[in-house]
Structure formats: structure tokens, C-alpha cells
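Some notes on the structure that comes next.
The values are calculated or read from the model by the stated rules, or taken from the named source; none is laboratory data. Just so it is clear, the model here is predicted, and its values are computed rather than measured. Neighbour counts run over all protein chains shown; Cβ positions are idealised from the backbone, glycine included. When the accessible area is computed, the model is the full protein with side chains, heavy atoms only, and any ligands, DNA or RNA have been set aside. Shrake-Rupley method; radii C 1.70, N 1.55, O 1.52, S 1.80 Å.
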Amino acid sequence: MADLLRLLLRVAEKAANVARVCRQEAPLFQLLVQEKTGEDKNKKFVQDFKTLADVVIQEMIRHDVGAQFPEMAGFIHGEESNKFENGLGESVTVTVCGTEEETAALLATVLDGDRTAASLLARAIHQDPATVDASTDGLTVPLSPSELGIWIDPIDATSQYIEGREELLEEGHLSPSGLHCALVLIGVYLRSTGEPVMGVINQPFNYKDPSGGGWRGKHFWGVSSGDVNICSLSRPKGGSERGRGLSVVLSSSEKPVVKESMTSLCGPEKLMYASGAGYKILCVIQGLADVYVLSEGSTFKWDSCAPHALLRALGGGVVELAKSLQNSPGAPDHQTELTYHQPYTECKGADRWANHGGLVAYRDCSQLRSILGALKVFIRGSRTGGRRLFDQGEKH
């Protein structure tokens, strides 16, 4: 497991480099900006460049992990399809080739012959990152790679990544939007039970080098398996331990009944909003918020698997909100925890892997119970009633 963790930290940093290169290199940045406006309808790759950036990161991770752990190759899942149609109507399957030159040639076919952009992208894909500092020596977990699967979200909060606002991160506070919300998420789960056992999160745009060296990132990781619970972050002190009151982070598009319920529980000053499902769970991991509540089925397994593992390592977790509200008081929280191995067979496409019942990410069981208790009381007294709470809404 230590070898797998070191590899995932390395490929996550490679992924972060690709994300940064796409913003820093002018030929790639122009494609990114054009994707945002979507005005050039004749060049399909322009509309798809955002997705291509996601896909090359996803396929790079799939390639590198499969090369070192071939027994995992068929169980590495990602958000994106790797099939594209270029401006000539040709179908191209994006993969990472054996050499930088071969990868550049393949990408050029997707990018309608734009060899400059293809070469820049291929160079980032094949470039080894600087050594990632992580204290993984001596990590012993009795699990075999043949027991494990992986979920990849190559760039979570893609809209924030494309928009590219450079918000200043203030120590001890979350920021509701900006480049720092864009994360690379790699989660590892047990194939037999779906439990998340390892997570790596890379924040490519954590701070700007004051010497003019561009953006620098930050990584987080956690392992939770049996009696082994190790995280790169310490368990944050806060919440009821310091008597400062419960704080909750939500999506700005959250349903009014949830916003009202959380306001009545925490007070308006403790209710916060942020972009990106992964970033909101990271805020809970870091102690910037105590709990993240989402009533809609607008997140997916690739959004939650990696940060879920970190929360488990810190004594918390991620539960399905709908099931938790149905459970009797005092029922074990593990009965409603999200799992990652089985699709919803009644759904199609990406929705097969959605977290349909919403979720609550938490660090402390007592805080989770406070949230669920407040929601139950508020829903019972609400005119809308609980039936409408879990209607599908807009995506996070």
C-alpha cells in the first residue's frame, strides 16, 4: 500500500502540472478560453478542449497505475469518456503512448493538426514531477492491489478552473470560488465492499510563487483500513470542542428548506458557501467547516471517493443523506456510509454512479447527528415536506 500511495501522489502531481500547463502556456490557454466562450462552432476540439484536458489527466493516471500494478488495470475508473471526434469527423481514442512524440502525434489528430498545443500537452504528460514529500515509509496495510479499485476525478470544479479567477486563500478560512477550488481527486476502494481505503487530493492552484514562478500546489492524503488510520493532516480542533458552534458549508444552489434548517441550527454567520464538491469536502477535512450537506443527487463516486477516505482516517465519514434521515436515532453511521463498487442498475450513463440520495460529509459523529436531527425537525414542519427534498436539481 505504501508503494501504491507513493505512486498516486506522484501521478496526482503530474496531473496538477498538466492542469497548470494548460493555463500557463499560451497555445493551450487560448483553447481553454475559447472553450469558455464556445463561439467557434466549426472546430469541435475547441468545444471539447476542457474535456480533453480532463481526459489526458485521467488516461495518464490510468496508464501509470496500470503499468506498475497491472492487476488493477481493469478497475481504474474515471469521469470522462476517452473517445473524441475531430473536425474531420474521425473518431479518436485518447491514450498515453510509450513516448512523448507518439502521444503528441495522437493528440494532434484530436486537435485538428495543432502540433504546438499537442506537443506542449504531451510534454506535460510525460514529464516526471519533482519528488513529492510524503511520510509514507513504514506504512503497512494488509491489502493487495488485486483487491482494490480506483476512482479518478481529473479536474473537479472544472467551471472554476476554466473561469480562472485568482482568489487569495486566507489562512483558516474557506473561499467560495476561484482556481483553488479545482482539485485532482484519486480515491481507492475495496472491490468487495466498496469501502474507501485511500485518498489523494492535489490542489494545483494553492498559492502563487512570490518570485514569479507561477502557481504552486498542495497535496493531502489519507489511508483508512481496519485499525490503520493515517492522514497527512492532523485532526482539526474546533467545533463543540472549543464551543464555537457548528459551521456548515453548502452549495449556493442548495434547496431553501436545507438552507433554512441549517441557518436555524448554526446561525447565518456559520453558514458558508463554496464551489466544487471535492473542495467542500476538503474544507471539512481541513476544519474550515464542520459539515458539508448536499440534498441533491448531483455528485458522483469520483467526486467523493478520495476525500471520503481522508475523512475516515480522521474519524469522520460521508453518509447518504436520504438513508440517514430514514434511520432511527442511534443507528450506526456506517450503515449509511457511501460505497463505491456498485452502480445503480436502474440508471444509465454517468447517473449509474451518482450519489443519488445526497450526502453529508462530517468529521465528528455528534455533529452529524445534530445536522440530521435539525433536518428531520425542519422537514416535518416544512410545507414542502420531506418528499421533495431529494428531487434532482442542478449539478454542483
Using only the alpha carbon atoms of segment 135-238, find the Kirkwood hydrodynamic radius as the inverse mean reciprocal pair distance, in angstroms to one decimal.
15.7 Å
Counting only protein heavy atoms and leaving out ligands, DNA and RNA, the solvent-accessible surface of ASP128 at a 1.4 Å probe, in Å² to the nearest 10, equals 110 Å²
Charged-residue dipole, Cβ positions (Lys, Arg, Asp, Glu), the chain about Cα centre, Debye nearest 20:
1320 debye
Among GluC sites (Glu not before Pro) in segment 292-371, those in a DSSP loop whose Cβ has at most 16 other Cβ atoms within 10 Å are GLU346
With θ taken as phi - 60° and the coefficients 6.51, -1.76 and 1.60, list the Karplus ³J(HN,Hα) couplings across segment 14-31 in order, rounded to whole Hz; mark glycine and proline as x.
4, 4, 4, 4, 4, 4, 5, 4, 4, 9, 8, 8, 3, x, 7, 4, 4, 5
Are there GluC sites (Glu not before Pro) in segment 132-208 that DSSP puts in a loop and that have at most 12 other Cβ atoms within 10 Å, and which ones?
GLU166, GLU170, GLU171
Largest first and in whole Å, what are the equivalent-ellipsoid semi-axes of segment 273-327 based on the Cα gyration tensor, each being the root of 5 times an eigenvalue?
17, 14, 12
Selected from GLY87, GLY199, GLY187 as most flexible by GNM, with the chain as the system and alpha-carbon contacts under 10 Å:
GLY87
Expected max-MSF residue from CYS347, CYS97, CYS231 in the GNM of the chain (alpha carbon, under 10 Å) is CYS347
Taking the Cα centre of the chain as the origin and placing charges on Cβ (Lys, Arg +1; Asp, Glu -1), which of HIS77, VAL110, GLN24 is farthest toward the positive end of the dipole?
HIS77
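Please report, as a whole percent, how much of the solvent-accessible surface of the chain comes from carbon and sulfur atoms (probe radius 1.4 Å).
Ligands and nucleic acids excluded, carbon and sulfur reach 48 percent.
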Kindly report, to the nearest 10 Å², the accessible surface of SER370 as traced by a 1.4 Å probe over protein heavy atoms only.
50 Å²
Matching label for the computed P(r) over Cα pairs in 20 Å bins from 0, in percent, out of (i) 26, 49, 24, 2; (ii) 30, 59, 10, 0; (iii) 28, 58, 14, 0, is (iii)
Only Cα pairs under 8 Å and at least 6 apart count here; give the relative contact order of the chain as a rounded whole percent.
15 percent
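Grab the DSSP H runs of the chain that are 4 residues or longer, score each as -39,500 (n - 2.57), total them, divide by all residues and round the 222 nm result to the nearest 500 deg cm²/dmol.
Value at 222 nm, helices only: -11500 deg cm²/dmol.
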Evaluate E = 1/(1 + (r/R0)^6) for SER253 and GLN24, where r is the Cβ-Cβ distance and R0 equals 30 Å; express this FRET efficiency to the nearest 0.05.
0.45
Taking only protein heavy atoms into account and a 1.4 Å probe, give the accessible area per residue of segment 277-358 in Å².
31 Å²
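Segment 130-223: which trypsin sites (Lys or Arg not before Pro) are DSSP loop and have at most 14 other beta-carbon atoms within 10 angstrom?
Working: sites: ARG165, ARG191, LYS208, ARG216, LYS218; in loops: ARG165, ARG191.
Answer by residue number: ARG165, ARG191.
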Largest fluctuation, VAL319, VAL11, VAL141 only, Gaussian network model of the chain with Cα springs under 10 angstrom, belongs to VAL141
